[in-house]
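Structure first, commentary second.
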Amino acid sequence: MKRWTAQHLYLLYSTILLLFIVNYFIESDILGYAVGAAAIPMLVISFFGASRLFQVLGIIFSSVGLLLFFYEGTSLLEIPLFMTSTMPLLSFLTVLPWMTSVVYAGRFHLRLNDLLNKDVSDLGKFYPRSSFTAYIFTTFMNLSALTLSQEVLNENMKNLSRKIKEAFISRTTLRAFACAQAWSPMEIIVAITVDSTGVPFFSYLPWLLLCSLVVISLDWLFGKRQFTSIPYEPAEKTATHHAGMRKIAMEIVKLFVALFLFLIIVVTIGNYFHLDFILSVTFVIIPFSIIWAMVLRRRKSFWVIGWNEWKRKTNGMQNFVVLFLSLAFFSNSLNETAFNELVQKPFLAYMEYPLIIFIFIQLMFLLMGLIGVHAIATIGVLVAVLEPLYQVVNPISIGIVLITGALATATVGPYGVTITMTAMNTDQNPYRITLRNLPFALFYASVGLLLGVWLL
């Protein structure tokens, strides 16, 4: 029974989230309450399949939320009303696999893999090439790109020493991931920030893109210098498909044209129907992916890959279900009490000194990441606390600091998803990965901080 439930969680999750989306439009109090009530067993069932870290976070958020709930003297019958505010985020995560599936169905990953090994003689040249490939993958495929990039590099670097291979892979893939996600509409940190600050995505886009390109370019420069003395030869020469550079370039152009069209459609639909950015992306991903697959003439493979990928990813959402539902209960309980104003006081006290606030935000992300608190949990608390500052401090500045601070932790959080995946894929100590990437994380956060100050 337990195994059957784990294999069919996608039915439970998709049904509840679909009802939530339907109710978003019809605004039925009865259906809204029913969805909130269903979120409680959804949280309990997911808890047993979540990792220890997310179980701890869920217990902390739920326990503190209950204390605040009872402190305010709210009726237990109102608990379901406190459970649904983060369901747009879960809906967003549920549809993401369909975009990834188009990339696989269109075989873009094969062409980009060709880019890795073409005319490369040393690791100095291989470093920016590997990072650039991971960067492009990540823009469209999010976490899936991390595993794919690391598997490809592991295979290609079999002839190198373990120490060099570990350092190379953990640097190129994690840093590319953190930089690419800064401006990706498929990144949940970006979506949360856009909705919470109320600033349109296209107002953020040029600044986030600038920050991303500056940071990744400088990393390529330093990485190229550090590894240029080490010769490189692919472990499997026959693994590449020997596509010409022109064909590879065309595939990259196609990817970015598709992403640009996706952004335009998301913003247009969001403005026309007055939707939040998160919901706009959620509604657009599936129909856009289907049309894109049809244009590529990969409809059949898209459905096969997409269906299996969607079921697998949705069945594995327990961590995020536990985190977001418990966070929703905590945040809504906090907003009902006077404690919310107490938490806001330190920020309001320094609202005339935004640099101090920005430094505190960056340090909070870093410290929370190092002790195992997910960046999404940290930003979930911060956006509620920082809301009064949006009228005084430029919200774009705050948003950029939030995004760069949160994503910088993707390269150093030893208990985070990205570091854990890298440690498993490359069989190395997560703390070693953290120490190796700590200077980069500090640099990345500093660039975001300086950009935020410049835009005040």
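The values are calculated or read from the model by the stated rules, or taken from the named source; none is laboratory data. Every value quoted in this text rests on a predicted model; they were computed, and no experiment measured them. We place every Cβ from the backbone using ideal geometry, glycine too, and count neighbours over all the protein chains shown.
The one condition from (1) assigned to a helix (DSSP H, G or I); (2) in contact (Cβ under 8 Å) with a residue 24 or more places away in the chain that SER85 does not meet is (1).
The condition of being assigned to a helix (DSSP H, G or I), surrounded by fewer than 21 Cβ atoms within 10 Å (Cβ to Cβ) and among the small types (Gly, Ala, Ser) holds for only one of SER333, SER301, SER289, that being SER301. Against the list (1) under 15 Å from the mean Cα position of the chain (by Cα); (2) crowded, with 22+ Cβ neighbours inside 10 Å; (3) not small (Gly, Ala, Ser), the condition ILE376 fails is (2).
Tell me which residues, restricted to the range 333-365, are at pLDDT 75 or above, within 28 Å of LEU67 (Cβ to Cβ) and of a type in the set (Val, Ile, Thr). Scanning the range 333-365 gives THR337, ILE357, ILE361. Taking SER62, is it in contact (Cβ under 8 Å) with a residue 12 or more places away in the chain and surrounded by fewer than 22 Cβ atoms within 10 Å (Cβ to Cβ)? Yes; evaluated as a whole, the condition is true for this residue. Do we find that VAL385 is more than 26 Å from LEU435 (Cα to Cα), part of a helix (DSSP H, G or I) and of a type outside the set (S, T, N, Q) in this structure? So VAL385 passes the test. Using the structure shown, decide if THR193 is buried (at least 17 other Cβ atoms within 10 Å of the Cβ) and at pLDDT 80 or above. Yes. Here are some residues: LEU146, LEU174, LEU153, LEU160. Which one is closer than 30 Å to ILE230 by Cα and not in a helix (DSSP H, G or I)? Unique residue meeting the criteria: LEU160. Of the listed requirements (1) within 18 Å of THR139 (Cα to Cα); (2) touching a residue at least 12 places away in the same chain (Cβ under 8 Å); (3) surrounded by fewer than 18 Cβ atoms within 10 Å (Cβ to Cβ), PHE277 misses just one: (3). Residue count for the range 22-38 satisfying the condition of being within 26 Å of the chain's Cα centre (by Cα) and surrounded by fewer than 16 Cβ atoms within 10 Å (Cβ to Cβ): 1. Residues in the range 413-456 that are farther than 21 Å from LYS158 by Cα, assigned to a helix (DSSP H, G or I) and small (Gly, Ala, Ser): ALA441, ALA445, SER446, GLY448, GLY452. Scanning the range 170-193 for residues that are within 21 Å of ILE264 (Cβ to Cβ) and either touching an Asp or Glu at 6+ places or on another chain (Cβ under 9 Å) or among the polar types (S, T, N, Q) (or both) yields ALA180, GLN181, SER184, ALA191, THR193. Pairs meeting the criteria (first residue in the range 170-198 and under 24 Å from ASN154 (Cβ atoms), second residue in a loop (DSSP other than H, G, I, E, B), beta carbons under 8 Å, at least 6 apart or on different chains) are SER170/GLN428; GLN181/ASN142; GLN181/GLU187. Based on what the data block shows, is VAL102 surrounded by 22 or more Cβ atoms within 10 Å (Cβ to Cβ) and either touching a residue at least 60 places away in the same chain (Cβ under 8 Å) or in a helix (DSSP H, G or I) (or both)? So VAL102 passes the test. Inspect the range 397-405 for any residue being out of contact with any His (no Cβ under 7 Å at 6 or more places or on another chain), at pLDDT 90 or above and within 30 Å of ARG162 (Cα to Cα) and give the result as yes or no. The answer is no; no qualifying residue exists. Can we say THR94 is on the phi < 0 side of the Ramachandran plot and in a helix (DSSP H, G or I)? Judged against the criteria, THR94 is a match. Return yes or no: is ILE403 in a helix (DSSP H, G or I), among the β-branched types (Val, Ile, Thr) and more than 22 Å from LYS345 (Cα to Cα)? Spelling it out, ILE403 is indeed in a helix (DSSP H, G or I), among the β-branched types (Val, Ile, Thr) and more than 22 Å from LYS345 (Cα to Cα). Exactly one residue out of ILE398, ILE359 is within 19 Å of the chain's Cα centre (by Cα) and part of a helix (DSSP H, G or I): that is ILE398. Among the residues here, LEU67 does not qualify as modelled with pLDDT under 80, in a helix (DSSP H, G or I) and surrounded by fewer than 19 Cβ atoms within 10 Å (Cβ to Cβ). Regarding LEU76, is this residue exposed (fewer than 13 other Cβ atoms within 10 Å of the Cβ), among the aliphatic types (A, V, I, L, M) and within 17 Å of THR337 (Cα to Cα)? Considered against the rule, which asks whether it is exposed (fewer than 13 other Cβ atoms within 10 Å of the Cβ), among the aliphatic types (A, V, I, L, M) and within 17 Å of THR337 (Cα to Cα), LEU76 comes out as yes.
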